[in-house]
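K.L.:
This is the structure, below, for whatever I ask next.
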Amino acid sequence: MTDYQPGLEGVPATKSNISFLDGKQGILTYRGYRIVDLAENSTYEETAYLLLDGELPAVAQLARFDTQLREHRRVKYNIRDIMKSLPVTGHPMEMLQTAVASLGMFYPNNVPVQIRSPGDESEQYVHGQSIRILARMATLVAMWQQMRIGNDPVRPRNDLSYAANFLYMFFNAEPDPLVARIMDTCFILHAEHTINASTFAAMVTGSTLAMPSYVISAAIGTLAGPLHGGANERVITMLEEIGKPENAKVWLENKLAAKETIWGMGHREYKVKDPRATLLQKLMRELADSQGTVSPLFETALALEEACEESLAPKGIYPNVDFYSGILYREIGIPPDQFTSIFAIARTAGWLAHWREQVSANRIFRPTQVYTGYDPRDYLPAAGR
Ligand code: COA
């Protein structure tokens, strides 16, 4: 047996052919395709198909998949009623976990979720559920944005792409084509990332043959933490605290002296700059060029990255995906507490791909432990303790 590794660092927990990352060279691929190529040439719908199915779709296959996604955007009124009863002060990730968990109650089934042969009843079920859940994730996040400010949710539009419809429902306004393309690219960049904490949570839950609403709600809860997807929201608070680029260096020195975490920096796997951070930074630049102005937050982030270059880069700590995504979302007008929900929408494609892979060759996860407690000892009645 191997030694105990805190955080399971370096311990392979599965075999997977969904994505690959080389943390020394900063390479990330989905099903063998470089993330940079997908970001430049693909769409979220096509990338989701690739992740779920294993191959890029032919024209007719993509058209069918896209149509199915569009057809399943609406959710039942009962789900909306549940959401209505939630406090508007709650975090959108809590709403999302609740709403996704409740989907299972409104769409019950008794199909086994263990795939034994390609095309069997279980595989068809997994495929069908994947489309339904993926289609509804964006709807739920956008519905809540309107509902929590006292409006009725905006009805999804079938004539818009996944990303454009999300923006339309979220803001109740026609999306700008550049912003829709940026959102689409952000969805692609966040869609999958090997066996990270939330994906692992999805796999562990899936390995018990639980229904997909349990699988995805477990993953949502895991993504919410600040060491994982919740970091993007904290990056904005951090940049606002720094205030202006000139303050970045001293602010960083003080934080590091106090042994505090710099949000959006560092990664278990990457020892160079996360390739997704580089691509998001490029998108931020593109947006700034189109607006003819550079946001103060972006300038502060650039100054902070430069300051980190001196103190953290020698330890292999560089910007990760969350460093620039929040600034981009903020510029688009998305409130910071919705950043992680957007990450969740995108990552659902990866979670579902891993769920399918898990239940196609399943064995329940049941690791062991290094016990550090007492040897067996005698029970003492309360009066004698
Ligand atoms: N700020 C300051 N120091 C950091 C750091 C950060 N963001 N990330 C790592 N470090 C330091 C640790 O303090 C530790 O230093 P030490 O060896 O002197 O004790 C060392 O780097 C190793 O860090 P560790 O926490 O053991 O790495 P990990 O692989 O367990 O954790 C993260 C990885 C992502 C959780 C961690 O880098 C982090 O907390 N980052 C900030 C949160 C974040 O942005 N998360 C999103 C990830 S996509």
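The values are calculated or read from the model by the stated rules, or taken from the named source; none is laboratory data. Just so it is clear, the structure is predicted and the values come from calculations on it, not from any experiment. In this analysis, Cβ positions are derived from the backbone assuming ideal geometry, glycine residues included, and neighbour counts consider all displayed protein chains. The area values use the complete protein model at the heavy-atom level, side chains included, leaving out ligands, DNA and RNA. Shrake-Rupley method; radii C 1.70, N 1.55, O 1.52, S 1.80 Å.
K.L.:
Taking THR199 as the residue in question, decide whether it is polar (S, T, N, Q) and either away from the ligand (no atom under 15 Å from the Cβ) or within 23 Å of PRO296 (Cβ to Cβ) (or both). Working first, answer last.
P.N.:
Details: polar (S, T, N, Q): yes; either away from the ligand (no atom under 15 Å from the Cβ) or within 23 Å of PRO296 (Cβ to Cβ) (or both): no.
Spelling it out, it is not the case that THR199 is polar (S, T, N, Q) and either away from the ligand (no atom under 15 Å from the Cβ) or within 23 Å of PRO296 (Cβ to Cβ) (or both).
K.L.:
Output the number of residues of region 265-302 satisfying the condition of being of a type outside the set (Phe, Trp, Tyr) and either open to solvent by less than 30 Å² (accessible area, probe 1.4 Å) or under 11 Å from TYR324 (Cβ atoms) (or both). First the steps, then the outcome.
P.N.:
Looking only at region 265-302, we keep the residues that are of a type outside the set (Phe, Trp, Tyr), and these are 265-269, 271-297, 299-302.
Adding the requirement that they be either open to solvent by less than 30 Å² (accessible area, probe 1.4 Å) or under 11 Å from TYR324 (Cβ atoms) (or both) leaves 265-266, 273-285, 287-288, 295, 297, 300-302.
Selection size over region 265-302: 22.
K.L.:
While we're on this one: Hey, among SER122, SER85, which residue is at negative phi and open to solvent by less than 40 Å² (accessible area, probe 1.4 Å)? Walk me through it before giving the result.
P.N.:
On the way: SER85 fails: open to solvent by less than 40 Å² (accessible area, probe 1.4 Å).
Selected residue: SER122, the only one of SER122, SER85 that is at negative phi and open to solvent by less than 40 Å² (accessible area, probe 1.4 Å).
K.L.:
Being of a type in the set (A, V, I, L, M, F, W, C) and either more than 20 Å from CYS186 (Cβ to Cβ) or in the same structural domain as PRO156 (by TED's automatic domain parsing) (or both) narrows it down to one of LEU103, LEU21, so name that one. Let's see the steps before the verdict.
P.N.:
Details: LEU21 fails: either more than 20 Å from CYS186 (Cβ to Cβ) or in the same structural domain as PRO156 (by TED's automatic domain parsing) (or both).
Sole residue among the options that is of a type in the set (A, V, I, L, M, F, W, C) and either more than 20 Å from CYS186 (Cβ to Cβ) or in the same structural domain as PRO156 (by TED's automatic domain parsing) (or both): LEU103.
K.L.:
Still on this model: Looking at region 219-232 only, could you name the residues that are surrounded by fewer than 24 Cβ atoms within 10 Å (Cβ to Cβ) and part of a helix (DSSP H, G or I)?
P.N.:
Initially, region 219-232 is screened for residues surrounded by fewer than 24 Cβ atoms within 10 Å (Cβ to Cβ), giving 221-222, 224-228, 230.
Passing the criteria: GLY221, THR222.
K.L.:
Working carefully through the options GLU45, GLU40, find the one that is open to solvent by less than 60 Å² (accessible area, probe 1.4 Å), among the acidic types (Asp, Glu) and under 28 Å from ARG276 (Cα atoms).
P.N.:
Working: GLU40 fails: open to solvent by less than 60 Å² (accessible area, probe 1.4 Å).
The conditions single out GLU45.
K.L.:
Could you give every pair whose Cβ atoms fall below 8 Å, whose first residue belongs to region 327-340 and is under 18 Å from GLY243 (Cβ atoms), and whose second residue is in a loop (DSSP other than H, G, I, E, B), counting only separations of at least 6 or pairs across chains?
P.N.:
ILE327/SER295; ARG330/SER295; GLU331/SER295
K.L.:
If you don't mind, there's one more thing I want to ask. If I ask for residues that are part of a loop (DSSP other than H, G, I, E, B) and either within 16 Å of the ligand (Cβ to nearest atom) or among the charged types (D, E, K, R) (or both), which ones from region 264-312 would you list? Before the answer, list the steps.
P.N.:
Step one: of region 264-312, the residues part of a loop (DSSP other than H, G, I, E, B) are 264, 266-274, 292-295, 312.
Correct list: GLY264, GLY266, HIS267, ARG268, GLU269, TYR270, LYS271, VAL272, LYS273, ASP274, LEU312.
K.L.:
While we're looking at this one, here's another question. For residues that are more than 13 Å from MET238 (Cβ to Cβ) and β-branched (Val, Ile, Thr), tally how many sit in region 250-308.
P.N.:
5
K.L.:
Within region 303-338, can you find the residues that are open to solvent by 50 Å² or more (accessible area, probe 1.4 Å), under 21 Å from CYS186 (Cα atoms) and out of contact with any strand residue (DSSP E or B) (no Cβ under 8 Å at 6 or more places or on another chain)? Working first, answer last.
P.N.:
To start, the set of residues in region 303-338 that are open to solvent by 50 Å² or more (accessible area, probe 1.4 Å) comprises 306, 309-310, 314-315, 318, 330-331.
In the following step, the residues that additionally are under 21 Å from CYS186 (Cα atoms) were identified as 318, 330-331.
The answer is ARG330, GLU331.
K.L.:
Can you tell me which residues in region 280-301 are farther than 17 Å from GLY264 by Cβ and among the β-branched types (Val, Ile, Thr)?
P.N.:
Within region 280-301, THR293, VAL294 meet the criteria.
K.L.:
Assuming GLU269 fulfils every condition listed in (1) at pLDDT 95 or above; (2) in contact with a strand residue (DSSP E or B) (Cβ under 7 Å, 6 or more places away or on another chain); (3) not hydroxyl-bearing (Ser, Thr, Tyr) apart from one, which condition is it?
P.N.:
Checking GLU269 against (1) at pLDDT 95 or above; (2) in contact with a strand residue (DSSP E or B) (Cβ under 7 Å, 6 or more places away or on another chain); (3) not hydroxyl-bearing (Ser, Thr, Tyr), the one that fails is (1).
K.L.:
Could you grab me the full set of residues in region 194-217 that are of a type in the set (A, V, I, L, M), at negative phi and open to solvent by 30 Å² or more (accessible area, probe 1.4 Å)? Steps first, answer last, please.
P.N.:
Within region 194-217, the first condition is being of a type in the set (A, V, I, L, M), and the residues that meet it are 195, 197, 201-204, 209-211, 215-216.
Right, trim to at negative phi and you get 195, 197, 201-204, 210-211, 215-216.
Correct list: ILE195, ALA197, VAL204, MET211.
K.L.:
Among the residues of region 186-193, is any surrounded by fewer than 24 Cβ atoms within 10 Å (Cβ to Cβ), at pLDDT 95 or above, within 15 Å of the ligand (Cβ to nearest atom) and in a helix (DSSP H, G or I)? Steps first, please.
P.N.:
Step one: list which residues in region 186-193 are surrounded by fewer than 24 Cβ atoms within 10 Å (Cβ to Cβ), which gives 193.
Now drop any that are not at pLDDT 95 or above, which leaves 193.
Okay, now just the ones that are also within 15 Å of the ligand (Cβ to nearest atom), so 193.
Still in the running and in a helix (DSSP H, G or I): none.
Checked region 186-193: no residue is surrounded by fewer than 24 Cβ atoms within 10 Å (Cβ to Cβ), at pLDDT 95 or above, within 15 Å of the ligand (Cβ to nearest atom) and in a helix (DSSP H, G or I).
K.L.:
Select from region 228-260 the residues that are in contact (Cβ under 8 Å) with a residue 24 or more places away in the chain, within 9 Å of the ligand (Cβ to nearest atom) and more than 29 Å from ASN41 (Cα to Cα) and list them in ascending order.
P.N.:
Selection gives ARG234, LEU256.
K.L.:
Right, something else. Please specify each residue of region 128-154 satisfying the condition of being buried (at least 18 other Cβ atoms within 10 Å of the Cβ) and either in a loop (DSSP other than H, G, I, E, B) or acidic (Asp, Glu) (or both).
P.N.:
The answer is ARG148, PRO153, VAL154.
K.L.:
Continuing with the same structure: Tell me the residue from GLN61, GLN68 that is assigned by TED's automatic domain parsing to the domain that holds ASP159 and either assigned to a loop (DSSP other than H, G, I, E, B) or in contact (Cβ under 8 Å) with a residue 24 or more places away in the chain (or both), please.
P.N.:
Details: GLN61 fails: either assigned to a loop (DSSP other than H, G, I, E, B) or in contact (Cβ under 8 Å) with a residue 24 or more places away in the chain (or both).
None of the other options fit; the residue is GLN68.
K.L.:
What's the number of the only condition in (1) more than 10 Å from the ligand (Cβ to nearest atom); (2) over 15 Å from SER198 (Cβ atoms) that THR222 fails to meet?
P.N.:
Status for THR222: all satisfied but (2).
K.L.:
Turning to a different aspect of this structure: Which of the residues spanning region 315-331 are near the ligand (Cβ under 6 Å from one of its atoms), assigned to a helix (DSSP H, G or I) and over 19 Å from the mean Cα position of the chain (by Cα)? Show your work before the answer.
P.N.:
Of all residues in region 315-331, those near the ligand (Cβ under 6 Å from one of its atoms) come to 315, 317, 320-322.
Subset that is assigned to a helix (DSSP H, G or I): 315, 321-322.
Correct list: LYS315 only.
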